[in-house]
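One structure is given here, and the rest of the page talks about it.
The values are calculated or read from the model by the stated rules, or taken from the named source; none is laboratory data. Given the structure is predicted, the values throughout are model-derived calculations rather than measurements. All Cβ positions, glycine included, derive from the backbone under ideal geometry; neighbour counts span all protein chains shown. The accessibility values were calculated without ligands, DNA or RNA, using every heavy atom of the protein model including side chains. Shrake-Rupley method; radii C 1.70, N 1.55, O 1.52, S 1.80 Å.
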Amino acid sequence: MTGLTIVADENIPALEDYFGDLLEGGGRLERVNGRTLGRDQLARADILLVRSVTPVNEDLLADTPVRFVGSCTIGTDHLDTAWLDRQGIAWSAAPGCNANSVVEYVFCALAALAIDWRGRSFGIVGCGNVGGLLQRRLRELEIPCAVYDPWLPDNPDAADLQTVLQQDVICLHAPLVKDGPHPSLHMVGAEQLAHIKDGAVLISAGRGAVVDNAALLELLQKRKRFSTVLDVWENEPAIDTRLLELVDIGTPHIAGYSMDGKLAGTRMIRDALESSEIISSPLPRGEGLGERA
């Protein structure tokens, strides 16, 4: 197979480990600044690998030879997927690549609060890649949990939102949905916050606007009945610093920001490329990083 030209964000790790075989036969790997990437840098590119800081749309890709776009991140907000589809350009993201890191963040936050999670009940709002992994971990530890996810009514731990919010530890991992039958924008507002019992822990590590930040601020200003951990906020990065001062733990949307999450993202995009028929050679196994063995 003739080598391919790959243009990739310089902050994507392990590119040679996962894509090095595609460079054989005259291919090239060009690392670029994802924030300043321009169309002129793609004049010879077959494959574009980005992170969420690079908007990928007609302005960037028109009249370029790019045949595959891979975003080594969970979301696709920065990809104009409709335009890519119309142009016949294959694309993929890496949903769930950071799930393990976010689950570990939950347990680390509880440890930082000196809370013994054994013997406590958990409530999970949103049971996708992250919430689903957390549910499996809790089941392995024989810890009871209740799950609210209207898209997954057959979940064995399914419960209504009020029941979930009455557990000892409430973990919010829902995506932000603004319309449709099950919107999540401000799903947890003043009325829902009132259901949280004294001494509980609220951990939000999905999307900031799932919680009405103004309602949470008003509640915490009156009385702190439960512990609050926020990794995500409304209006990031222009967050309400008054709320930051009142939460027990506040972090800048870093729960899923880890090396193992980044490596998983790189691996998932190579697997997606494998399935796209853009390349014909199989991904070498049993060499390089342990994840590929």
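Here are the numbers:
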| item | result |
| --- | --- |
| Check on Arg35, closer than 26 Å to Arg86 by Cα and among the charged types (D, E, K, R) | yes |
| Odd one out for Val66, checked against (1) in contact with a helix residue (DSSP H, G or I) (Cβ under 7 Å, 6 or more places away or on another chain); (2) closer than 22 Å to Asp260 by Cα | (2) |
| Residue in region 225-264 that is surrounded by the fewest Cβ atoms within 10 Å (Cβ to Cβ), counting only those that are of a type in the set (Phe, Trp, Tyr) and modelled with pLDDT of 95 or more | Phe226 |
| So Ile196, is it under 24 Å from the mean Cα position of the chain (by Cα) and either on the phi < 0 side of the Ramachandran plot or not in a loop (DSSP other than H, G, I, E, B) (or both) | no |
| Residue within region 204-218 that is among the hydroxyl-bearing types (Ser, Thr, Tyr) and either touching a His at 6+ places or on another chain (Cβ under 6 Å) or surrounded by fewer than 22 Cβ atoms within 10 Å (Cβ to Cβ) (or both) present | no |
| In region 69-99, the residues that are within 30 Å of Cys171 (Cα to Cα) and among the small types (Gly, Ala, Ser) | Gly70, Ser71, Gly75, Ser92, Ala93, Ala94, Gly96, Ala99 |
| Cross-chain or 6+ apart pairs with Cβ under 6 Å, region 176-187 first and in a loop (DSSP other than H, G, I, E, B), then among the charged types (D, E, K, R) and open to solvent by less than 50 Å² (accessible area, probe 1.4 Å) | His186/Asp212 |
| Matching entry among Gly189, Gly123 (being within 26 Å of Ser258 (Cα to Cα) and not hydrophobic (A, V, I, L, M, F, W, C)) | Gly123 |
| Residue ID - least open to solvent (accessible area, probe 1.4 Å), chosen from residues in region 159-201 that are closer than 15 Å to Ser227 by Cα and small (Gly, Ala, Ser) | Ala200 |
| Within region 265-282, tally of residues that are surrounded by fewer than 20 Cβ atoms within 10 Å (Cβ to Cβ), in a helix (DSSP H, G or I), among the hydroxyl-bearing types (Ser, Thr, Tyr) and touching a residue at least 60 places away in the same chain (Cβ under 8 Å) | 0 |
| Selection within region 17-50 - open to solvent by 20 Å² or more (accessible area, probe 1.4 Å), closer than 28 Å to Tyr257 by Cβ and not hydrophobic (A, V, I, L, M, F, W, C) | Asp17, Gly20, Glu30, Arg31, Asn33, Arg35, Thr36, Gln41 |
| Tabulated pairs, region 9-26, first in contact (Cβ under 8 Å) with a residue 40 or more places away in the chain and within 23 Å of Val56 (Cα to Cα), second part of a strand (DSSP E or B) and open to solvent by less than 20 Å² (accessible area, probe 1.4 Å), C-beta under 7 angstrom, 6+ apart or interchain | Asp9/Val32; Asp9/Leu49; Asp9/Val50; Ile12/Leu49; Leu15/Ala8; Phe19/Ile6; Leu22/Ile6 |
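For every residue, the table says whether it meets (1) touching a Cys at 6+ places or on another chain (Cβ under 8 Å); (2) closer than 21 Å to Leu216 by Cβ.
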{"residue": "Val130", "(1), (2)": "no, yes"}
{"residue": "Gln135", "(1), (2)": "yes, no"}
{"residue": "Asn155", "(1), (2)": "yes, no"}
{"residue": "Ala159", "(1), (2)": "no, no"}
{"residue": "Gln166", "(1), (2)": "no, yes"}
{"residue": "Leu172", "(1), (2)": "no, yes"}
{"residue": "Lys197", "(1), (2)": "no, yes"}
{"residue": "Val201", "(1), (2)": "no, yes"}
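Each row is one residue, and each column tells you yes or no for (1) charged (D, E, K, R); (2) in contact with a helix residue (DSSP H, G or I) (Cβ under 7 Å, 6 or more places away or on another chain); (3) closer than 30 Å to Ser52 by Cα; (4) free of Cβ contacts under 8 Å to residues at least 40 places away in the same chain.
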site	(1), (2), (3), (4)
Ala99	no, yes, yes, no
Val102	no, yes, yes, no
Phe107	no, no, yes, yes
Ala112	no, no, yes, no
Trp117	no, yes, no, no
Phe122	no, yes, no, no
Leu141	no, no, no, yes
Val147	no, yes, yes, yes
